[in-house]
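Below: the structure, in structure tokens.
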Amino acid sequence: MVLSVSLFYVNLPNATTWFCFSFLLAGALFFKFTRVLSVRNWDIITLFLLAPGLLILQEAHAGSDPGQANPGLTLKAGTVNLTLLWYGYLWLLCGSAYFLFRSFLDLTLVRRPALGPNLNMGGLAWLGLALFVCLSVVAARGPVAAAATVGKPSVVVKEVQTQSEKVVKQGPAGQNISESDMAFLVKCTTAMICHLAIVLGLVFIGWRHFQDVLSGMAMATCYLLLPYTAYLVDQVHHVLPTAFLVWAVAAYRLPALSGLLLGLAIGTGYFPALLFPAWLSFYWRRGAGRFAGAVLLALAICFLYVAFIMWLDGDLVRRIQETLAQSDWQPWKTTVITEGFWTDMRWAWAYRLPVFIAYLALVATTLFWPRPKNLAHLLALSVAVILGIQFWYADRGGVYVLWYLPFLLLLVFRPNLSDREPAAIVPEKDWLTRWRLALGRFSSRLLRLPEPTVHVR
């Protein structure tokens, strides 16, 4: 009996152990030892650049307890080491600045040699499945300390989680579960579904758009292997918008579907709205109208759904006022920042406002430059736009790695994509054009008045 217990008693590694072993394993899987001085090798190493900053933040919150069993970024209530906290966010912002530079540099890189992983398809699939199971265990076990939400979820995410809890509670299995356990179960399940959607999206993009399914499996395995995924594994609002964005890239040949997915991402996360100019320019004269219309349709669906739910609860006006009053997205407002590089600095707006103006100039530039855009340009600009938010967003700016991590992996593993552009709209073969013509013919027949009867004398 003692032997059987000891065989199945497994302790999860702490955050530092996860970081070290994932770094070594990533080197064994993706580092090309035959081409040491290559951009791919440098990218594999620098993908772990932000991990020390997250470890410093964890240490700042955990106090003097370095032996936490859970690799997640647990925010322990109590005393916080403000000095370590400041250095942690400084590290994250410096690492984000490097990735911002790397995304701009990628706009100039055209030739990309084919560098496959050091493991075959079956091995990568098996390792990816094992990592996904491990992450599911990490999410299900939960943190040892009292965990907190990293950042502020959007109103849509909150309502989705609330309605999901109600649905599960009404089921036969939800009668004997407490409210806290119910919320934890729904949160972890939703987060793992989002991670699975991102993994499948990366594999699909590698297969269809990179024309190399092994590259797609490599990106998916690397996503599950990187410590950022484990640190923030149960943060739904970090991965739900990203899951929609990944599949928007996967569906880039269909402007309407891609716009619908981007609109859902905006409705669940706000920040994808800043990608709209770059994506609209990507589809210019190749389906830009239907792309923009699909974005607006998805946004209308999200907002009407949430407004209807809050109206039924009698909470609509208050929630609208709270959303408009949030200063995290409004750098011109003076506020005491909850946590971040400028914690308790009331003059932080003096830094945030100029950076925000420069950032808006960058977003506006993506509407015109470069032109025409291919898929490589779109990926690099998407990384740059999302990374730029980290430098002026008030609440924990720099921590939101999962917002852009899949795009960063697409940027690292991509081949030459100079010929990947939206397909031209051919009216004779376009489904929307055929539907519009059919609707016009039906309307004309429906509204056609009967001809007067001719009387013969």
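The values are calculated or read from the model by the stated rules, or taken from the named source; none is laboratory data. Quick caveat, the model's predicted, so the values are computed rather than measured. With ideal geometry, Cβ positions are generated from the backbone for all residues, glycine too; neighbour counts draw on all protein chains shown.
Looking at segment 413-433, can you tell me whether even one residue there is in a helix (DSSP H, G or I) and modelled with pLDDT of 75 or more?
Checked segment 413-433: at least one residue is in a helix (DSSP H, G or I) and modelled with pLDDT of 75 or more.
Going through segment 211-231 one residue at a time, which ones are surrounded by fewer than 22 Cβ atoms within 10 Å (Cβ to Cβ) and part of a loop (DSSP other than H, G, I, E, B)?
Scanning segment 211-231 gives Gln211, Asp212.
Pairs under 9 Å by beta carbon, first residue farther than 12 Å from Trp91 by Cα and assigned to a helix (DSSP H, G or I) in segment 40-62, partner modelled with pLDDT of 90 or more and hydroxyl-bearing (Ser, Thr, Tyr), six or more apart or different chains?
Thr46/Tyr98
Can we say Tyr231 is touching a helix residue (DSSP H, G or I) at 6+ places or on another chain (Cβ under 9 Å) and modelled with pLDDT of 90 or more?
Criteria not met by Tyr231.
Quick check on this structure: which one of Thr17, Thr46, Thr74 is at pLDDT below 75, β-branched (Val, Ile, Thr) and within 28 Å of the chain's Cα centre (by Cα)?
Testing whether each residue is at pLDDT below 75, β-branched (Val, Ile, Thr) and within 28 Å of the chain's Cα centre (by Cα) leaves just Thr74.
Go through (1) farther than 29 Å from Ser418 by Cβ; (2) modelled with pLDDT of 75 or more; (3) surrounded by fewer than 19 Cβ atoms within 10 Å (Cβ to Cβ); (4) aliphatic (A, V, I, L, M) one by one and return the number of the condition Ala350 breaks.
Only one criterion in (1) farther than 29 Å from Ser418 by Cβ; (2) modelled with pLDDT of 75 or more; (3) surrounded by fewer than 19 Cβ atoms within 10 Å (Cβ to Cβ); (4) aliphatic (A, V, I, L, M) is unmet by Ala350, namely (2).
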